[in-house]
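Everything on this sheet refers to the single structure shown next.
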Amino acid sequence: MVELLRTEIDTEHRYRLTSTDRGYLLSCAQRTEIGLMIGPSEWLYRTREAAEKGLTLIMLMNAWWSAMTHGYPAGDLPSRCEIAGAEHAEAVARLGDQPLVGREVKDLRELEDATFS
């Protein structure tokens, strides 16, 4: 069963947190200059807590990168990213929930498709 838990959108990204039978899938797609969405980048967590911390971290890192890329002041984004990174790392370590990333998520999907086909 799949349930969309959260969707966030900024000017350049779309973020989704989805509950699946395998865990919590965090995805981030990026909008190109002509408006097409590319990606997504994906992380599969076992726990919602770690996935939520990952979502916060990815959103802040992308905001900081966008500010630097477009020449906007970063303000407090560097310190917020540092705090979010530490909170994510603490949750991942405490919960033993190092996420599967990118290719690992794709490989898992392909294995499940082959198994259940």
Is it the case that Ser41 is open to solvent by 40 Å² or more (accessible area, probe 1.4 Å) and either in contact with a helix residue (DSSP H, G or I) (Cβ under 7 Å, 6 or more places away or on another chain) or in contact (Cβ under 8 Å) with a residue 12 or more places away in the chain (or both)? yes
Taking Leu108, is it crowded, with 18+ Cβ neighbours inside 10 Å and either outside any helix (DSSP H, G or I) or not acidic (Asp, Glu) (or both)? no
Filter the stretch 1-37 down to the residues that are open to solvent by less than 100 Å² (accessible area, probe 1.4 Å) and β-branched (Val, Ile, Thr), then identify the one that is modelled with the lowest pLDDT. Thr32
Conditions first: (1) loosely packed, with under 11 Cβ neighbours inside 10 Å; (2) farther than 27 Å from Glu110 by Cα. Ala86 passes all but one, so which condition is the exception? (1)
Return the residues of the stretch 89-99 that are outside any helix (DSSP H, G or I) and either open to solvent by 50 Å² or more (accessible area, probe 1.4 Å) or at pLDDT 95 or above (or both); say none if nothing qualifies. Gly96, Asp97, Gln98
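Residues are listed down the side, and each one gets a yes or a no for (1) without any contact (Cβ under 8 Å) to a residue 24 or more places away in the chain; (2) part of a helix (DSSP H, G or I); (3) among the hydrophobic types (A, V, I, L, M, F, W, C):
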{"position": "Leu57", "(1), (2), (3)": "no, yes, yes"}
{"position": "Ala67", "(1), (2), (3)": "yes, yes, yes"}
{"position": "Pro78", "(1), (2), (3)": "yes, yes, no"}
{"position": "Ala86", "(1), (2), (3)": "yes, yes, yes"}
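The values are calculated or read from the model by the stated rules, or taken from the named source; none is laboratory data. Only a predicted model underlies this, so the values are computations on that prediction, with no experimental measurement involved. Every residue, glycine among them, receives a Cβ derived from its backbone with ideal geometry; neighbour counts consider all protein chains shown. Just so you know, the surface numbers come from the protein's heavy atoms only, side chains and all, with ligands and any DNA or RNA stripped out. Shrake-Rupley method; radii C 1.70, N 1.55, O 1.52, S 1.80 Å.
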